[in-house]
Every structure is written in structure tokens, then in C-alpha cells.
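Reading through the C-alpha cells given below for one structure.
Rule-based calculations on the coordinates, nothing more; no lab input. Because the structure is a prediction, the values reported are computed rather than measured. Here Cβ is always computed from backbone atoms with ideal geometry, including for glycine, and neighbour counts include all displayed protein chains.
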Amino acid sequence: MRVARVVSVLLLTATLCAQPAAPQVDLLNKMIGDWSVEGDVRGKPVHHIISAEWILDRQFVRLHEKTDDGAPPSESRYDAYWFIGYDAVSERYVAHLFDIFGPRFSETLGYGTRFRDEIRFVYEYPDGPFHTTYRWLEKDGTWEWILEQKEKDTWAPFAHFKLTRLPSKAN
């Protein structure tokens with residue numbers, strides 16, 4: 001009897017952990033596809049592209065962000081992978097960033113909460129907190145990303161991006 005109860009609890013826990021909450025992933029579904037990214041990082045213009053897809057049995061959205069091949073040669077090159085998922089047990093989003101700046105900044109997870117059509121992540125980096133907000137703009141089908149860092153006692157803009165969906169690739 002006791003073994004059956006333990007097995008039942010384990011199966012229930014595995015089921016809860018394996019199934020993302022449908023209402024929470026609908027916003028993540030809107031990220032899927034290819035995007036043109038324009039905006040600025042610390043006041044300098046950037047031109048990136050992003051490809052987003054569900055991976056690992058739809059547990060994470062993987063975003064591959066890189067400098068667009070058509071960006072001006074003077075623009076700093078960037079390459080990154082973002083992994084974003086929803087943890088139904090803790091009722092929060094989780095984001096993990098891997099980029100060209102290496103493991104130092106990849107060791108910190110971002111934890112996010114949703115309010116309407118945006119998810120706001122907080123990263124507690126060793127040199128201070130950082131916010132990344134993903135905001136879906138339904139009326140024009142675009143995303144706005146706002147990145148802020150804490151400087152002394154105030155929040156300062158770090159980057160601001162607008163993502164516009166690229167036309168579908170023909171097979």
C-alpha cells in the first residue's frame with residue numbers, strides 16, 4: 001500500500017513537472033518564428049535576427065539571436081542562445097542566457113512573472129540586478145524588449161529592441 005502511494009505521488013509529480021501550464025505558454029507561442037531586431041544597446045544601434053522554436057518536448061523556447069549579416073561592418077557582433085520555459089510548480093518563468101560573453105554571465109538564471117502581455121525577468125548578477133521585459137504588442141504583431149540595469153540607486157536603460165516578424169521561408 002505504501003509503495004503504491006509513493007508511486008502515485010511520483011507519477012503525479014512527474015506529470016505536473018512535464019506539462020507546462022497552457023495559459024502561461026500562449027505568450028511564448030507568439031515568439032515562435034523568425035524575427036528582425038532593431039534597436040540600441042547602450043545608445044548604439046544594433047541589427048539582429050532571432051529564430052525561435054520549441055525544443056525539449058515543448059518545455060523551452062530556444063531563441064537564437066545574432067547580428068544580422070546585413071548589419072553595418074562597424075556594428076559589434078553578437079551571438080546568443082536564450083532558453084525560456086515556464087515552471088508550473090514554482091509558477092514562474094525561467095530564462096537562461098548563453099552568449100559570446102562567456103560563462104560568467106551565463107551562471108545566473110532569470111526568473112520571470114507575467115502581467116497581461118509581458119513577461120518581466122529579474123537576473124541577480126554578481127555585479128547587480130538586471131531586468132529584461134518581453135512585451136507582446138498585439139495590434140501590430142511585434143515584440144518590444146526592454147533591458148535595464150541597476151546603477152547605484154536608479155534603474156538605467158541598457159537596451160531597447162523592436163522585433164518584427166520576418167516573412168516565412170519558402171520550402
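Taking segment 102-118 as the range and being within 12 Å of the chain's Cα centre (by Cα) and either within 25 Å of residue 43 (Cβ to Cβ) or exposed (fewer than 10 other Cβ atoms within 10 Å of the Cβ) (or both) as the test, the residues that pass are 110, 118.
Among residues that are surrounded by 16 or more Cβ atoms within 10 Å (Cβ to Cβ), free of Cβ contacts under 8 Å to residues at least 40 places away in the same chain, farther than 15 Å from residue 25 by Cβ and among the acidic types (Asp, Glu), residue 65 is included.
Given the options 159, 71, name the one that is part of a loop (DSSP other than H, G, I, E, B), surrounded by 13 or more Cβ atoms within 10 Å (Cβ to Cβ) and in contact with a strand residue (DSSP E or B) (Cβ under 7 Å, 6 or more places away or on another chain).
Values: 159 fails: part of a loop (DSSP other than H, G, I, E, B).
Of the residues listed, the single one that is part of a loop (DSSP other than H, G, I, E, B), surrounded by 13 or more Cβ atoms within 10 Å (Cβ to Cβ) and in contact with a strand residue (DSSP E or B) (Cβ under 7 Å, 6 or more places away or on another chain) is 71.
Of all residues assigned to segment 92-109, none qualifies as being over 16 Å from residue 30 (Cβ atoms), of a type outside the set (Asp, Glu), touching a helix residue (DSSP H, G or I) at 6+ places or on another chain (Cβ under 8 Å) and part of a loop (DSSP other than H, G, I, E, B). Can residue 88 be described as touching a Cys at 6+ places or on another chain (Cβ under 8 Å) and in contact (Cβ under 8 Å) with a residue 24 or more places away in the chain? Yes: the conditions hold for residue 88. Could you tell me how many of the residues in segment 123-142 are surrounded by fewer than 15 Cβ atoms within 10 Å (Cβ to Cβ), within 26 Å of residue 34 (Cα to Cα), without any contact (Cβ under 8 Å) to a residue 24 or more places away in the chain and in contact with a strand residue (DSSP E or B) (Cβ under 9 Å, 6 or more places away or on another chain)? The total comes to 2.
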